[in-house]
Amino acid sequence: MTTSGVFLGVDTGGTFTDIVGLDAAGRIIVRKADNREANAAASIADGIRALLDEQGIAPSSVSRLVHCTTILGNSVFERKGPVCGLITTAGFRDVLELGRQHNPVLYDIFWKKTPPLVPRRRIVEVEERMASDGSVVRPIDPDSLDAAIDALAAQGVEAVAVCLINACTNATHEQTIAERLRERLPGATISLSSEISPEWGEYERTSTTVTDAFLKPTFARYLSSLEDRLQTRDLVPELLVMQSAGSITDVEEAKAMPVRCLDSGPAAGVIAAANIGAALGFPDVLTLEIGGTTAKSALIEGGEPRRSMETEIGTPTGSDGRALRGGGFVLRMPVIDAAEVGAGGGSIASVDAGGSLSVGPQGAGAFPGPASYGRGGARPTVTDANLVLGYLSETQALGGTIRLDRSLAEAAIRRHVAEPLGIDVLDAAHAIRSLANAIMGRAVRTVSTERGRDVRKFALLAAGGGGPGHAAEIARVLGVDTVIIPPFAGLFASLGLLLSPSERRASRAVNLRLRQSGVAAELAALLDALALDATGKAAFEGTPTITEEVDVRYAGQFHQITVPLPRRDGAVDTAAIREAFEMEHERTYGYRSPREHCEIAAVRVVARYPRVVTSPNFQRSEGGKTAHPPRRIYFGPRLGPQSARVLSREDLGEKPVQGPIVIPEYDTTVIVPPDFTVRRNAANVLILERVKTEP
Amino acid sequence: MEPMRDFETRSDDGLDILTFELIRNALSEIADEMMTSLVRTGRSVNTTQALDCSAGLADADGQLLAQALALPGHMGTFPGVMRAVFDRFGSEFRPGDIYISNDPFSVGLHMPDIVLVRPIFQAKELAGFALAVAHHVDVGGMAAGGMPTYATEVYAEGLRIPLVRLYDQGRVNETLLEIIRSNVRVPDLVVGDLMGQVAACHVGQKRLEALIRDHGRVTFDQATTQLLDYAERMCRAAIAAWPDGSYSFEDVVDDDGNEAAAIAIRGTVTIDGDSLRIDFSDSDPQVKGSVNCPIHSTFAGALTAVQCVLGAAIPANAGLFRAISVTARPGTFVSPVEPAATCNRALTLARVADVVFGALAQAVPDRVPACSESMTSPMTWSTTTAEGERLVWVDNHISGRGGLPTMDAQEGIAPFVYNANNDSVEITEASFPLRLERFRLIPDSEGAGKFRGGLATERLYRVLAREATLTYRSDRHTSRPWGLAGGHPGRNSNVFVTAGDEVVQTPPKFTRAMHREDVLHSIMQSGGGWGNPLDRDPAAVLEDVLDEKIGRDRARDVYGVVISPVTSSVDTEATAALRAEMSR
């Protein structure tokens, strides 16, 4: 395909900015840029120019740039942000600090909550009240409002969150407060819960709105400075930003609702997986993206990633690698439903007093990094185990720059794992790798088995720097037979940026019994109004596809299932809603309950604009065929140590070749175990298949 | 490069470390998955929002292998539940069976807690058990919610289900379901939650079966034996490091819901080498009211306190229990005999934990917190809508924790024994004709200390229904959560009902009719403080003052910290002088 101009996807992480471009001929170009400069915007602009210059492309021909960044996540994690305030309903000052009051861990009397982003002194109450049905119980008392704003002003508040009880059903009080804030506190940014997250649950909505307020000034400044920097380097593309739901939006909306962009990196990778999987004839895919300290997984069915309406950030990880839900900040907003565990290449292995081995959740980070980096890290990591076992090699530089030292890896494993357990170094390294695989596999299980899906019907798509090296063994344990490894696996999130659709959403909390009279008409009217909201603002190119969805539950349930809403000749079909809900309930939880009432908790309209990039050409040169000596790799007690061939992607074709094979690439290393075959299809994707042999 | 060789990672017992870790992690994962399934498919607010339910896995001998991230007060009864199941069914376990009971004198919880146990078979052999318990929003009886504060016999508390088969080799016992349906006020919610428990047991069966198939039965048995031994070893090593001796402590439950007289729990913890014995035989005799605590529940309370002091690193399984014994003389209110009323036993279970904490504070003072609001205060609202629909709403008031030897209490965290969620204000209002007008921390209410207790919380409800019934259980109206090491006690609880122009201070436990515009104002106890308040870091006092958790007067009068009204900073000199004078 050809495009009008060059499209760029730019994924800024902690140490690197990955840039993936699609030139006018549909060719993919890539560059990993060091984030050396303190100013991230400058690193990005310079990195792009370096890539363009290298390829002989004029800066002015870049027409579109889609961006995702960890800057938002980092500012929450490091708590670097503006002075924030919160305005709430009288009587509810402590909703944020009290949360749901649950402990994420048992028997740990010394457990500490993550302190809220707004301290109590900057949470102020206003006399007002909405009822559950949206009627006004008590109008806003203007004096109490002014006093509240004065209290925030006196503390130098720069960003204000407003979250009133029941504002999800009637936003007018929040809007009145916003108007008054604009008059009396003109410099401050404003985040209204009724706009950010208009759904039930005061704690979840407050938490989401406060997080938005915390990000707003910083992100607005960052995006403006990025636009400026690009301009000074003669780059004037349409700038778009990735959202956690896997869609992209324009700068204006990103500045208005930064919280929706908070967790966009993983979302980009999943979108890439959905597109590539579908294009390859694998519409049902489980993704496995392994990075430095975490592994993430998402479920894609029929080419569509599963989405969720709630997530949690800053969640501590338990000793078994599982996220301790309830320990971080809950965000109620559309996200790709991904599971994350605290095990990646840099995760540290250790042995406790009782002689029990664990991997993660502590990671060695980029500095000092794994012991084998030779940067002073003394604790053994998964990467060190991989090196000792032969999966990684001293002669291959990671990311083109970092050289590994095997003797340092061995020393660390000996001291911290092998000696405490009384086993030798190889045994210890194998135990570390296998335990890491088990923990990583848990992320996959969470999004599949725990959602009632049979993993055996899916292909596992491996990405991230560590994914292609672990995926086949994890697939074997899970019972998955096919692993697909796309080109640019290590730069996968950036590729996803090029492939994402633009999207706008509008939603509203309701509380409707499906069988109530007049519900169909009420829903239809509500949806028509929401559709105007979603498409009314400055639109993207093309005609949007409108999707309408409703969140449904059995009366009494708290967890809802989102189902698409079918219309027949414009009319809402409530029987079809019920059927779609019960079908999904049965699939996920194993039964349906025909005699109970169904309730609708929220309605939503999604306007999705056509993808600009549909099917790029994934051909890529890895430097052609070269002869490498074979590597000795230890594949575990059953398969034993074996001599593995070292090949490049170009060496492979449609004909399956039996492992063991190692395929070192610019951004990752692919491992094909002895019980798998590998082939490369026309789209340059590696397909690993498990050989079912009789022992 | 050194030569590769085939190897196996073996521990002393012959099982490789890796397989052991895989099976150990898988077991906790299965328990958590059972819990997830129960929470997501349940119907009542108590299961889906408050998370008042639990799940666990036992081996073929009924020994607990793993438990979910749920309620220690439930899970501590699992050993007793499994004993009851073995006593009742002996060797008659069959694939597809699910056993059910809520009998306080058999499985040993209280009647609203219905327990399901499913034997798990793999290759036609008994391989283990899945357990799922949920606190149901109604079990019939004299008051909605199954916790009538004025009950005096088990027969009045609701439908007692003896240990019988809910499923017989895969076939549901329709007769029993119909009996349950016709005895409870909200049959859809109760049966919906029960089916959630069935789903959880089903998940346990499927996942454990697959796990054993993957590893083989011999390896699985080896791993579980090793897992229990590992927990026992760690537990014994920790106890051995504590000073030998007998440590006694006494605490009270304010009243039994019938008579306004305090009831005492007296416990003695004996540390003897690497084992620990706890005896409650000197406690008061069983009472007429419903706070009697069945022995399995007493065990759960005592065990939870010991586990908190041991720390979270030791796996919570039957191996850990081996080093700990709990006894109480039958006929005491911590080991009642039929037909004692027990529906409010959770409060006593929590006080049992307090007594163990108080005793252990003498042995290992650096590991024990001051007294917390040890049990939530549950209320049940019941009404009938204009359309004739019966509504039952259960809510928990959660308040303050005690200060710790090294840090302040976290504000408003659920009790150790009862790790529940609160109900969302908005969802409560959307589900039941109530308006919550207040849910917040109460300033100046903490148990003062070097490390202070958590503030008390208050909840205020206005009734919007024409008429509703309210059952409420609270405690610490007269007694107070104690401090440690010179820390002050927390404040006591108070509950007020406003009906018309009249404001009544209620007893701790009550059932009453409420009418439109009546108000319930619930103020629950705060946490006790740890250490002398005069040793508290003045900077921490200042932070509390700036956050309006503590007033300037209290900072001065209780903590001896003088805060300058002009600069809002600590007046160091004045503080030193005041503290010197106060210490005299």
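The values are calculated or read from the model by the stated rules, or taken from the named source; none is laboratory data. Bear in mind the structure is a predicted one, so any value in this text is a computation, not a measurement. Methodologically, a virtual Cβ is constructed for each residue, glycine included, from the backbone with ideal geometry; neighbour enumeration extends over all protein chains shown.
Which of the residues that make up the stretch A:151-164 are more than 24 Å from residue A:505 (Cβ to Cβ) and either buried (at least 23 other Cβ atoms within 10 Å of the Cβ) or polar (S, T, N, Q) (or both)?
Result: A:152, A:155, A:157.
Residues are listed down the side, and each one gets a yes or a no for (1) over 18 Å from residue A:175 (Cα atoms); (2) under 36 Å from the mean Cα position of the chain (by Cα):
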site	(1), (2)
A:119	yes, yes
A:134	no, yes
A:142	no, no
A:154	yes, no
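For residues in the stretch B:24-49 being more than 10 Å from chain A (Cβ to nearest Cβ) and more than 18 Å from residue B:114 (Cβ to Cβ), which is surrounded by the most Cβ atoms within 10 Å (Cβ to Cβ)?
Taking the candidates together, the pick is B:31.
With respect to the numbered conditions (1) more than 10 Å from every other protein chain (Cβ to nearest Cβ); (2) assigned to a strand (DSSP E or B), which one is the sole condition not fulfilled by residue B:439?
It fails just one condition, (1).
Which condition breaks for residue A:520 when tested against (1) part of a helix (DSSP H, G or I); (2) buried (at least 21 other Cβ atoms within 10 Å of the Cβ)?
Condition (2) is where residue A:520 drops out.
Just need a number here: residues in the stretch A:338-371 that are in contact (Cβ under 8 Å) with a residue 24 or more places away in the chain and under 14 Å from residue A:421 (Cα atoms).
Within the stretch A:338-371, residues that are in contact (Cβ under 8 Å) with a residue 24 or more places away in the chain and under 14 Å from residue A:421 (Cα atoms) number 6.
Going residue by residue through the stretch B:189-205, is there one that turns out to be away from chain A (no Cβ under 12 Å) and more than 28 Å from the chain's Cα centre (by Cα)?
There is no residue in the stretch B:189-205 that is away from chain A (no Cβ under 12 Å) and more than 28 Å from the chain's Cα centre (by Cα).
Take residue B:444 and tell me if it is surrounded by 24 or more Cβ atoms within 10 Å (Cβ to Cβ), part of a loop (DSSP other than H, G, I, E, B), in the same structural domain as residue B:414 (by TED's automatic domain parsing) and touching a Leu at 6+ places or on another chain (Cβ under 9 Å).
For residue B:444, the condition - surrounded by 24 or more Cβ atoms within 10 Å (Cβ to Cβ), part of a loop (DSSP other than H, G, I, E, B), in the same structural domain as residue B:414 (by TED's automatic domain parsing) and touching a Leu at 6+ places or on another chain (Cβ under 9 Å) - is not met.
Do we have any residue at all in the stretch B:404-416 that's within 16 Å of residue B:481 (Cα to Cα), in contact with a helix residue (DSSP H, G or I) (Cβ under 7 Å, 6 or more places away or on another chain), within 7 Å of chain A (Cβ to nearest Cβ) and among the acidic types (Asp, Glu)?
Within the stretch B:404-416, one or more residues are within 16 Å of residue B:481 (Cα to Cα), in contact with a helix residue (DSSP H, G or I) (Cβ under 7 Å, 6 or more places away or on another chain), within 7 Å of chain A (Cβ to nearest Cβ) and among the acidic types (Asp, Glu).
Of everything in the stretch A:107-153, what is at the interface with chain B (Cβ under 10 Å from one of its Cβ atoms), touching a residue at least 12 places away in the same chain (Cβ under 8 Å), farther than 30 Å from residue B:304 by Cβ and in a loop (DSSP other than H, G, I, E, B)? Give them in sequence order.
A:131, A:132, A:133
Before we move on, is residue B:340 small (Gly, Ala, Ser), surrounded by fewer than 24 Cβ atoms within 10 Å (Cβ to Cβ) and more than 17 Å from residue B:300 (Cα to Cα)?
Answer is no for this residue.
Check off (1) of a type in the set (Val, Ile, Thr); (2) in a strand (DSSP E or B); (3) under 26 Å from residue B:49 (Cβ atoms) for residue A:160 and give me the number that stays unchecked.
Residue A:160 satisfies all of (1) of a type in the set (Val, Ile, Thr); (2) in a strand (DSSP E or B); (3) under 26 Å from residue B:49 (Cβ atoms) except (3).
Of all residues in the stretch B:165-185, how many are surrounded by fewer than 23 Cβ atoms within 10 Å (Cβ to Cβ) and touching a residue at least 24 places away in the same chain (Cβ under 8 Å)?
Total meeting the criteria: 9.
In the stretch B:276-332, which residues are away from chain A (no Cβ under 11 Å) and of a type in the set (Val, Ile, Thr)?
Hits for the stretch B:276-332 are B:278, B:287, B:291, B:295, B:298, B:324, B:326, B:327, B:332.
Being within 14 Å of chain A (Cβ to nearest Cβ) and touching a residue at least 60 places away in the same chain (Cβ under 8 Å) narrows it down to one of B:471, B:457, so name that one.
None of the other options fit; the residue is B:457.
A quick yes/no check of all residues on (1) away from chain B (no Cβ under 14 Å); (2) within 23 Å of residue A:272 (Cβ to Cβ); (3) within 26 Å of the chain's Cα centre (by Cα); (4) crowded, with 17+ Cβ neighbours inside 10 Å:
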position: A:53; (1), (2), (3), (4): yes, no, no, no
position: A:72; (1), (2), (3), (4): yes, yes, yes, yes
position: A:77; (1), (2), (3), (4): yes, no, yes, no
position: A:99; (1), (2), (3), (4): no, no, yes, yes
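Which of the residues spanning the stretch B:141-164 are under 20 Å from residue B:88 (Cα atoms) and in contact (Cβ under 8 Å) with a residue 60 or more places away in the chain?
If the condition is that a residue be under 20 Å from residue B:88 (Cα atoms) and in contact (Cβ under 8 Å) with a residue 60 or more places away in the chain, then B:161, B:162, B:163, B:164 are the ones that fit.
The rows are residues; the columns are (1) closer than 20 Å to residue B:317 by Cβ; (2) not in a helix (DSSP H, G or I).
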position	(1), (2)
B:137	no, yes
B:143	no, yes
B:160	no, yes
B:190	no, no
B:198	no, no
B:201	yes, no
B:219	yes, no
B:223	yes, no
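Name the residue, out of B:109, B:131, that is assigned to a loop (DSSP other than H, G, I, E, B), within 16 Å of residue B:300 (Cα to Cα) and not aromatic (Phe, Trp, Tyr).
Among B:109, B:131, only B:109 is assigned to a loop (DSSP other than H, G, I, E, B), within 16 Å of residue B:300 (Cα to Cα) and not aromatic (Phe, Trp, Tyr).
In this structure, is residue B:115 in a loop (DSSP other than H, G, I, E, B) and either among the hydrophobic types (A, V, I, L, M, F, W, C) or surrounded by fewer than 24 Cβ atoms within 10 Å (Cβ to Cβ) (or both)?
Here the answer is no, as residue B:115 does not meet what is asked.
Here is a yes/no grid of residues against (1) small (Gly, Ala, Ser); (2) touching a Leu at 6+ places or on another chain (Cβ under 6 Å):
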| residue | (1), (2) |
| --- | --- |
| B:431 | yes, no |
| B:437 | no, yes |
| B:440 | no, no |
| B:476 | no, no |
| B:480 | no, no |
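Could you pull out the residue among B:522, B:479 that is in a loop (DSSP other than H, G, I, E, B) and small (Gly, Ala, Ser)?
Result: B:479 is the single residue among B:522, B:479 that is in a loop (DSSP other than H, G, I, E, B) and small (Gly, Ala, Ser).
Filter the stretch A:178-200 down to the residues that are surrounded by 23 or more Cβ atoms within 10 Å (Cβ to Cβ) and assigned to a loop (DSSP other than H, G, I, E, B), then identify the one that is farthest from the other protein chains (Cβ to nearest Cβ).
A:188
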